[in-house]
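Each remark here refers to the structure printed beneath this line.
The values are calculated or read from the model by the stated rules, or taken from the named source; none is laboratory data. For clarity, every value in this text was computed on a predicted model and none was experimentally measured. Cβ placement follows ideal geometry from the backbone for every residue including glycine, while neighbour counts extend to all protein chains displayed. To get the accessible areas, we keep the full protein, side chains included, count just its heavy atoms, and leave off ligands, DNA and RNA. Shrake-Rupley method; radii C 1.70, N 1.55, O 1.52, S 1.80 Å.
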Amino acid sequence: MSFILETQGLSRSFSGFHAVSNVSLAVQEGSIHALIGPNGAGKTTCFNLLTRFIDATAGRIRFQGQDITRTPADAVARQGLVRSFQISAVFGQLTVFENLRLALQRRRGQSMDWWRSDRTLATFNERALELLAEAGLSEWADQLAGELPYGRKRALELATTLALEPRVLLLDEPMAGMGAEDIAHAAAMIRRAARGRTVLMVEHNLSVVADLCDRITVLARGEVLAEGDYATVSKDERVVEAYLGHGHAGQRKHHTSGAEASHG
């Protein structure tokens, strides 16, 4: 089994508070792996550690077999470990198509120079159109990004991330704030995005997790509580207690079926 991203004993403390404690994680190459848990479980801190936004207090991080525990965040992103918001800032006064073209320009190692001629930028048109279609945004190509409905704006953010051709795509609550129709669309896009790459996602929507993810790691109080496929972790009494709280144990079958829409 080939693991593209691994941690051993990863920990982070803030003034004596253990936000992440001794987390060992192994993400299989080509998989969709979810990191779930209740609010305050340490999921976002874990993401910040993996993408080198913050330093680990202890432990190691390996990406593609290389130790990146002290590698700068920008270098990690260039190696292909990319968190969606890192590079997917949407320029509201540019069209959807222009946003994607600029993201592609950066991927080719060129700066985002506003003065570049249309002829120069035209070299990115074909791939931009492909990404538009993949994101379901073809009909929105000429729309100002700032005027997009929320779900479509999130789709554009994901598309600009994919323009950088990441090896591992880290998504932090990609379905947050979406309605049912947008969730279905975003889930389909993530499934397409996972072809040929690895996805690690933090997500509260249990239906999405059950439908999309090959493996799930459950965090509670900064520690790994359980790991396995959805059927396995959803039956774990510790997970039911930690993630859903008292009074939900009797609803376990309901959650196992993926019928639960979300849990904050």
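Close amide H contacts of L170 (hydrogens built in the peptide plane, cut-off under 5 Å, sequence separation of 5 or more or a different chain): V82, R83, S84, L200. Less than 5 angstrom separates the built amide H of L219 from those of I36, G37, L225, all sequence-distant by 5 or more or on a different chain. Measuring nothing but protein heavy atoms, the accessible surface of the stretch 128-184 at 1.4 Å probe radius is 48 percent carbon and sulfur. In loop segments of the stretch 180-222 as defined by DSSP, the trypsin sites (Lys or Arg not before Pro) with at most 13 further C-beta atoms inside 10 Å of their C-beta are R195. When both the stretch 173-249 and the stretch 26-57 are represented by their alpha-carbon centers, they are found 13 Å apart.
Expressed in nm², what is the orientationally averaged projection area of the convex hull enclosing the Cα positions of the stretch 126-238?
Average projection, Cα convex hull of the stretch 126-238: 8.1 nm².
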